1. Looking only at residues in the range 121-140 that are farther than 15 Å from Asp8 by Cβ and free of Cβ contacts under 8 Å to residues at least 24 places away in the same chain, which one is surrounded by the fewest Cβ atoms within 10 Å (Cβ to Cβ)?
2. What number of residues within the range 110-150 are at positive phi, assigned to a strand (DSSP E or B) and at pLDDT 95 or above?
3. So Ile103 ticks every box in (1) touching a residue at least 24 places away in the same chain (Cβ under 8 Å); (2) more than 13 Å from the chain's Cα centre (by Cα); (3) under 30 Å from Trp69 (Cβ atoms) but one. Which box is left unticked?
4. Give the residues of the range 1-23 that are aromatic (Phe, Trp, Tyr), modelled with pLDDT under 80 and buried (at least 23 other Cβ atoms within 10 Å of the Cβ), sorted by residue number.
5. Quick check on this structure: which one of Val207, Val240, Val196 is farther than 13 Å from Thr10 by Cβ, of a type in the set (Val, Ile, Thr) and modelled with pLDDT of 95 or more?
6. Testing Tyr143 on (1) surrounded by 14 or more Cβ atoms within 10 Å (Cβ to Cβ); (2) among the hydroxyl-bearing types (Ser, Thr, Tyr); (3) closer than 21 Å to Leu97 by Cβ, one condition comes back false. Which one is that?
7. May I ask you to say which residue of Asp100, Asp87 is among the charged types (D, E, K, R), closer than 17 Å to Thr194 by Cα and surrounded by fewer than 23 Cβ atoms within 10 Å (Cβ to Cβ)?
Amino acid sequence: MAAFFDLDKTVIAKSSAFVFSKPFYAQGLINRRAVLESSYAHFLFLLSGADHDQMERMRANLANMCAGWDVQQVKSIVAETLHELVDPLIYAEAADLIADHKIRGHDVVIVSASGEEMVGPIAEALGASHTEATRMVVEDGKYTGEIEFYCYGEGKVAAIEKLAAAEGYDLSRCYAYSDSATDLPMLGAVGHPTAVNPDRALRKEAVARGWPVLTFSNPVSLWSRFQAPSSTTVAATAAVGLSAVLAGAISYRLLRKRR
């Protein structure tokens, strides 16, 4: 069985693409105008969520912006800044819910329209079993500017159906969580959908269908909530964030609560 989680505003309090815009700028991948445009888009995203038109614009902007980027440079930037930028933004409620699913023996899958180079390390830090994210075409170690797979809308459904077939999941018994009406196809594909911090359209649909609605409002620094690892452990895990230390600590916390 699996639990599928959207990422932005469901697990983390900001857009994952926006979070990395500043280090991308510092490393010369994007210009100041792109940073400002990213900030404005993020403001609209926090205000009202993402609709179909915004997601299509994101697709076009992603393709144009990253053409020519060095893939390894992007991965290095994400690895070097993950703990500083993303760790404080993870909803405590989401982390506890993820840990609860893992305790129950469910695979946790992060499903996001953001690029796999950003989503993958975040998912690994959360202890997720699998990641489904947008993939870019790469040639000679650089992005061509073409999108191989856009993990959005019906694309998310195709991704989780393919994964379900490979892993033996019965989607009618699986769970899904999202904040956006653009994820209605994914939510409708599982037996246990839940709206988290829903935009207006998703809230309306969730109420109409009798789906649970959750509010996550407590982004915290998960690393600081638990015993800090040794400096050796920090160095060994810098590329992937909190990883198993985080998942284990949260699981222990939940188990103690249940006693």
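1. Applying the filter and picking the extreme gives Asp140.
2. First pass over the range 110-150, keeping only residues at positive phi: 127, 140-141, 145.
Within this subset, residues satisfying the condition of being assigned to a strand (DSSP E or B) are 145.
In the following step, the residues that additionally are at pLDDT 95 or above were identified as none.
Of the residues in the range 110-150, 0 are at positive phi, assigned to a strand (DSSP E or B) and at pLDDT 95 or above.
3. Among (1) touching a residue at least 24 places away in the same chain (Cβ under 8 Å); (2) more than 13 Å from the chain's Cα centre (by Cα); (3) under 30 Å from Trp69 (Cβ atoms), the lone unmet condition for Ile103 is (3).
4. So the first thing to find is which residues in the range 1-23 are aromatic (Phe, Trp, Tyr), and the list is 4-5, 18, 20.
Restricting the remaining residues to those that are modelled with pLDDT under 80 gives 18, 20.
Correct list: Phe20 only.
5. Details: Val240 fails: modelled with pLDDT of 95 or more; Val196 fails: farther than 13 Å from Thr10 by Cβ.
On inspection, the qualifying residue turns out to be Val207.
6. Tyr143 satisfies every listed condition except (3).
7. Details: Asp87 fails: closer than 17 Å to Thr194 by Cα.
Among Asp100, Asp87, only Asp100 is among the charged types (D, E, K, R), closer than 17 Å to Thr194 by Cα and surrounded by fewer than 23 Cβ atoms within 10 Å (Cβ to Cβ).
The values are calculated or read from the model by the stated rules, or taken from the named source; none is laboratory data. Just so we're clear, the structure is a prediction, and the values are computed from it rather than from any experiment. Cβ atoms come from the backbone with ideal geometry, glycine included; neighbour counts cover every protein chain shown.
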